[in-house]
1. How about the stretch 315-346: which of its residues are closer than 23 Å to Arg514 by Cα, among the hydrophobic types (A, V, I, L, M, F, W, C) and outside any loop (DSSP other than H, G, I, E, B)?
2. Take Glu716 and tell me if it is of a type outside the set (Phe, Trp, Tyr), within 20 Å of Ile637 (Cβ to Cβ) and touching a residue at least 24 places away in the same chain (Cβ under 8 Å).
3. Consider only pairs whose beta carbons are under 6 Å apart and that are at least six residues apart or on different chains; among these, list those whose first residue lies in the stretch 306-325 and is touching a residue at least 60 places away in the same chain (Cβ under 8 Å) and in the same structural domain as Trp357 (by TED's automatic domain parsing) and whose second residue is charged (D, E, K, R) and part of a helix (DSSP H, G or I).
4. Condition test on Thr741, is it closer than 30 Å to Leu652 by Cα and assigned to a strand (DSSP E or B)?
5. Residue under question is Ser220, and the condition is that it be farther than 30 Å from Phe409 by Cα, part of a helix (DSSP H, G or I) and either in contact with a His (Cβ under 8 Å, 6 or more places away or on another chain) or modelled with pLDDT of 95 or more (or both); does it hold?
6. Kindly indicate whether any position in the stretch 250-262 is assigned to a strand (DSSP E or B), farther than 30 Å from Gly505 by Cβ, outside the structural domain of Phe715 (by TED's automatic domain parsing) and free of Cβ contacts under 8 Å to residues at least 24 places away in the same chain.
7. If you check Ala388 against the conditions, is it of a type outside the set (Asp, Glu), at pLDDT 95 or above, within 16 Å of the chain's Cα centre (by Cα) and under 28 Å from Phe320 (Cβ atoms)?
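The values are calculated or read from the model by the stated rules, or taken from the named source; none is laboratory data. What you see is a predicted model, and the numbers here were worked out from it, not measured in a lab. Because the Cβ atoms are built from the backbone with ideal geometry, glycine has one as well, and the counts that use them run over all protein chains shown.
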Amino acid sequence: MIIFLPTQPLISMLEFFKNILHSIRPPKGDNPSEPQVFWRGVFYGLLALSLFVTFLAGYFWRTGLSPFLMGGATMLIGFVGFWVLRFLGAIAHSTLNNLLRYIPTFVFSLILGTIAIFSLAKEMRFGWPANVLNDSIVISMLSFGAFAGSLLVLIKGKGKYKFIHIGLIAMSIVLVFMSVKWLSNEGDDPYPISFEQTAAPLLSSNGIDNPGLPGDFGVSYFTYGNGTDIRREEYANVKYKTETVDATKIITDWKGKKAKWRKRYWGFGNDAFPINGRVWMPEGDGTFPIILVVHGNHGMEHHSDPGYAYLGELWASRGFIAVSVDENFINGTWSGDFRGKEMPARGWLLLKHLEQWKSWSEDASHELYKKADLDNVMLVGHSRGGEAMPIAATYNKLSHFPDDANVEFDFNFGIKGVAAIAPTDMRYFRRLNLKDINYFSLQGSYDSDEASFFGLRQYQRVSYTENSDNFSAGAYVHLANHGQFNSIWGRRDAGYPFGWFLNTGPMMSGEDQRQIAKVYLGAYAEILLHGDASYKSLFKNAAVGKDWFPDELMINNYKDANSDILVDFEEDVDLFTTKVVTNTISSNGLKIWREEPLKFRDSDLQGTKVAMIGWDSVATNASYEVNLNDSRDIESISSVLITMARGEYSELNAKGDESKELNFTIKLVDETGNAVQTDISSIKKVAPRIKVKYSKMEAMNGRYGDKWEATMETFEFPTSAFPGIANMENVKQIQLLFNRTKNGMLIIDNIGFSKR
């Protein structure tokens, strides 16, 4: 049987593709015209641009391989893609010939192919918003194309109007220079704050030492692990070997390419997680409290655990065993992020480290016998590691894993408290409520990774039984970012090339930021593990440690079991009722008065309800009163507590200077009508609203939400500020009189008393 092939259609198709290939080649000839030479130069320029862009996408694609190798591989993809995409563009041009007949196929395919390469690079690594990408494409194509095209014309001597080509070259150089200069510029602070907090008695004046300075102990350093790490020498050659742990039921999302590529990189799966740690040990005899610190979800190939050496050395010098825990193997990577499904493993692994220390401490033959005091433990975490702290504290008291009851727990260590540095919240699907445990969170205003103080949401989920010695606190540090709390993460809270757009100019130095962390986390350890309560006032008002801190604005939140909150706005929507049913609220002359859930800058909820109070004239005798009919144990009351912050001034539609100090009067009235008052600012000033600009490009700031968010602050007014009130039990009214500042907007959360 003979089969006849339809040869003519096949020949026509081959001829079509041949013409397409010919149409996308650079113009050639013995005597090409000036436009032909120009477009040949444009071709070379845009090819170079495409290779450069795809090289950058690979260079910043952290896979554990050489960045130059990755850049070369993606540049090869860019080269092939450039021709393939131009070929497809030429086919599209021929199909739409009636619409595009005035645009040469070569020009159309060249432009379309380059734009497509940029889009490919965006998907690989760049991740820029569409408007930023579009501007970058236009500027880059003009720069590379015009420069190469005009340069080739001048080299070939084809420039009939040389000054035009010289001008295009000059324009291209200027565009590139200005772009590089803008990208390399750190940025500026469009919202500078001039603010000095009311002076407070310094702790150092009472002989209390700076907890951020080294103590009296010598420090030795070593590592422990299973000794088979193929990526890091410090965990391959360890002082003490450990067994691996099976996490298959703890992190069930370890599958697919995430599991495949992680195992290829690390050499193990979730059935053999290592127990790796860096240890700073106080030298000398004795049993020491132990502190574990763990990193967050930084790229797994950029190992994060060395970045807390500054804390480990400090803690060890002050008599604590400090361990920086390695959990890099569950961090995000180019092959996938667990997107919060790994959060149980982050907390569980900390407890497995404590199990290892317990084994050593109970083994009389081991060098670490009785070295670690497992009844005095503090846990510290950064970013997702910060959210892992409540998880670990919760699991520590459970008999079974709440996500799979087939996994039994038997931990029950003496965890005295947890600290969260710039933590995430709600990555884990469970909202954990902590009870009778210390909690502290530290956050920077220029954190473009976690742009809101999510630690305060967990702070709201901590409660205490009466007579507990525990406390919760938060410290918000203006001009601190996310990364510099870890000494190797740096000033840019996003990887390149997105990091080029971040506004890092206003930020404090890494040394200053870590000094703040050392003071607060050193003091926290002294309170929890050495029982030194003299540092507690530092968590109520940073001004008492002014000589220990860099000169930056810090906002404090504080509560403990002695906080007797009378008003918290959580009970109902009635403006006149309070948490205590016998008490009431009244007001006079307010322009704005409402209660509502407090929101973060991105409109997510902060986990508390507040009162919004606004006044626009002192002549109205504006006031807000809490009328007390409850019974109080007066002998134990030591101060009046108010949690508040400045609100959105524009709501008032009133003339005034928001940068000026917001001051008002707090007045106590007893049952006989005797009244005593004091200005808020005489004790502590209300901080200005903190506005931030995360990105140098305004169009990119919308992803973060508003320029500011309400950051509540605790104010404590000692009874000594009201000397005319002989008996606090007889106080029947707490008045806030808005008679010092012409107009203002105030956000109030809690009002109550503190007991001794």
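1. Answer for the stretch 315-346, where residues must be closer than 23 Å to Arg514 by Cα, among the hydrophobic types (A, V, I, L, M, F, W, C) and outside any loop (DSSP other than H, G, I, E, B): Trp315, Ala316, Ile321, Ala322, Val323, Val325.
2. Details: of a type outside the set (Phe, Trp, Tyr): yes; within 20 Å of Ile637 (Cβ to Cβ): yes; touching a residue at least 24 places away in the same chain (Cβ under 8 Å): yes.
So Glu716 fits the description; yes.
3. Within 6 Å, the pairs are Tyr310/Arg514; Leu314/Lys518.
4. On the way: closer than 30 Å to Leu652 by Cα: yes; assigned to a strand (DSSP E or B): no.
Spelling it out, it is not the case that Thr741 is closer than 30 Å to Leu652 by Cα and assigned to a strand (DSSP E or B).
5. Details: farther than 30 Å from Phe409 by Cα: yes; part of a helix (DSSP H, G or I): no; either in contact with a His (Cβ under 8 Å, 6 or more places away or on another chain) or modelled with pLDDT of 95 or more (or both): yes.
For Ser220, the condition - farther than 30 Å from Phe409 by Cα, part of a helix (DSSP H, G or I) and either in contact with a His (Cβ under 8 Å, 6 or more places away or on another chain) or modelled with pLDDT of 95 or more (or both) - is not met.
6. Keep residues of the stretch 250-262 that are assigned to a strand (DSSP E or B), which gives none.
The answer is no, given that none of the residues of the stretch 250-262 is assigned to a strand (DSSP E or B), farther than 30 Å from Gly505 by Cβ, outside the structural domain of Phe715 (by TED's automatic domain parsing) and free of Cβ contacts under 8 Å to residues at least 24 places away in the same chain.
7. Working: of a type outside the set (Asp, Glu): yes; at pLDDT 95 or above: yes; within 16 Å of the chain's Cα centre (by Cα): yes; under 28 Å from Phe320 (Cβ atoms): yes.
The answer is yes for Ala388.
Every residue, every condition in (1) assigned to a helix (DSSP H, G or I); (2) touching an Asp or Glu at 6+ places or on another chain (Cβ under 7 Å); (3) surrounded by 21 or more Cβ atoms within 10 Å (Cβ to Cβ), yes or no:
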residue	(1), (2), (3)
Val380	no, no, yes
Pro390	yes, no, yes
Gly417	no, no, yes
Pro423	no, yes, yes
Gln443	no, no, yes
Glu450	no, no, yes
Gly495	no, no, no
